[in-house]
Amino acid sequence: MAYIAYMAMERGVLLSVRAQQRNGPLHFRHPVRFANSLRGVGADDGSFTLVVMAPRTSRPSGSRPLGTPTRGTTNPNRLRRMDRWIAATHGPALRRSAGAPVAVDLGYGAAPWTAVELLDRLRRDADPRARVVGVEIDPERVAAAAPYAREGLAFVHGGFEVPVAEPVALIRAANVLRQYEEDEVAAVWARLCARLAPDGLLVEGTCDEIGRRHVWVALGPEGPRTVTFATRLGSLDRPSDLAERLPKALIHRNVPGEPVHAFLRDFDRAWAAAAPYASLGARQRWLATAAALSADWPVRDGRRRLRQGELTVPWPALAPRAWGGA
């Protein structure tokens, strides 16, 4: 059977493999074992073509990826709220890129669904030139994702060093830092922000298993900018339900005396006061809540984003006091 096998190598080490029959996809159970069987075969003997890909990397030779593997749990469409926000708010910056903007899905997990979905979303709603690189610290996950690689979508072995040679327009790190200690977050943020292009964006946050509730921090090269709360409004009892999905930098600061605790308290009070709007639907109640909350807090969103079940405030308004917050 004629096929093309693509092997991703780095310093002579097999990282991933994918294969394509000349008349359609080739599915096999043990891709790495299959690729090893091809070693030493000529470039094209008439039955198949072997293409060895050396991904461009910015990681120094001999160094190890930075970080530790996550649990890797993921689900299709889990990051839809974050992706929708990224396309809407960062799309203009992506379109201003001189070349094809590169987005990194950092720590995509045991399956590549989120990277595939990010490419589709960016090309449809932000910039049709966009490219996505999935970065995973577990080499077995890189190998498992390789069959899904295609034009504009690649998977590489790496961690917080972000081994991508091109300027990075976007880094999305969802459900990655929850396993780290709070005092490690600032250093990770600084390292990732240093990998951004001048108008690049880092989005780091946490969501539930099916993406109904999500909270993320958006950062530029200079550091954190905003915090966004996003939810499926029909499933929300009260805004403080989102507290369990606060990013690592905030989740341990939801205690009296901290800005994020005061914000969620006031968010709940505004939601309760807007109860009469519930008869018009959860969206109208959310809009009324945001209007009331903005009297005391610097709510950044206009009506379009609020209607999506989002609410964004500047980072300094919620930053922990130990970080120099309000």
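The values are calculated or read from the model by the stated rules, or taken from the named source; none is laboratory data. Predicted model, so just to flag it, every value in this text is computed and none were measured. Because the Cβ atoms are built from the backbone with ideal geometry, glycine has one as well, and the counts that use them run over all protein chains shown. Keep in mind that these areas ignore ligands, DNA and RNA; they rest on the heavy atoms of the full protein, side chains included. Shrake-Rupley method; radii C 1.70, N 1.55, O 1.52, S 1.80 Å.
In this structure, does ASP237 turn out to be under 27 Å from ALA278 (Cβ atoms) and either in contact (Cβ under 8 Å) with a residue 24 or more places away in the chain or among the polar types (S, T, N, Q) (or both)? Walk me through how you get there before you give the answer.
Details: under 27 Å from ALA278 (Cβ atoms): yes; either in contact (Cβ under 8 Å) with a residue 24 or more places away in the chain or among the polar types (S, T, N, Q) (or both): no.
Criteria not met by ASP237.
Which number in (1) closer than 16 Å to GLY309 by Cβ; (2) in contact (Cβ under 8 Å) with a residue 40 or more places away in the chain marks the one condition that VAL102 misses?
Unmet condition: (1).
Considering only the stretch 286-303, state which residues are assigned to a helix (DSSP H, G or I), of a type outside the set (S, T, N, Q) and touching a residue at least 24 places away in the same chain (Cβ under 8 Å). Quick ask: steps written out before the conclusion?
The first filter runs over the stretch 286-303 and keeps only residues assigned to a helix (DSSP H, G or I), leaving 286-293, 303.
From what's left, of a type outside the set (S, T, N, Q): 286-288, 290-293, 303.
Listed by number, the residues that qualify are TRP286, LEU293.
Can LEU246 be described as more than 30 Å from ALA272 (Cβ to Cβ) and surrounded by 16 or more Cβ atoms within 10 Å (Cβ to Cβ)? Full working, then the answer.
Details: more than 30 Å from ALA272 (Cβ to Cβ): no; surrounded by 16 or more Cβ atoms within 10 Å (Cβ to Cβ): yes.
So LEU246 does not fit the description; no.
Pairs please, first residue from the stretch 261-278 and of a type in the set (Asp, Glu), second anywhere and surrounded by 19 or more Cβ atoms within 10 Å (Cβ to Cβ) and in a helix (DSSP H, G or I), Cβ atoms under 7 Å, 6+ apart in sequence or on different chains.
Listed by first residue and then by second, the contacts come to ASP266/LEU293; ASP268/PRO239.
Check whether at least one residue in the stretch 98-105 is of a type in the set (Asp, Glu), open to solvent by 50 Å² or more (accessible area, probe 1.4 Å) and at pLDDT 95 or above, and report yes or no.
Taking the stretch 98-105 first, the residues of a type in the set (Asp, Glu) are 105.
Filter once more, keeping what is open to solvent by 50 Å² or more (accessible area, probe 1.4 Å): none.
Scanning the stretch 98-105 turns up no residue that is of a type in the set (Asp, Glu), open to solvent by 50 Å² or more (accessible area, probe 1.4 Å) and at pLDDT 95 or above.
Residues to consider are ARG121, ARG131, ARG178, ARG141; find the one that is within 15 Å of the chain's Cα centre (by Cα), open to solvent by 20 Å² or more (accessible area, probe 1.4 Å) and more than 27 Å from ASP199 (Cβ to Cβ). Walk me through it before giving the result.
Working: ARG121 fails: more than 27 Å from ASP199 (Cβ to Cβ); ARG131 fails: more than 27 Å from ASP199 (Cβ to Cβ); ARG141 fails: within 15 Å of the chain's Cα centre (by Cα).
Residue meeting the stated conditions: ARG178.
For TRP286, work out the one condition from (1) open to solvent by less than 40 Å² (accessible area, probe 1.4 Å); (2) within 30 Å of ALA187 (Cα to Cα); (3) not hydroxyl-bearing (Ser, Thr, Tyr) it doesn't fulfil.
(2)
In this structure, does PRO256 turn out to be under 22 Å from GLY220 (Cβ atoms) and not charged (D, E, K, R)? Steps first, answer last, please.
Numbers: under 22 Å from GLY220 (Cβ atoms): no; not charged (D, E, K, R): yes.
Criteria not met by PRO256.
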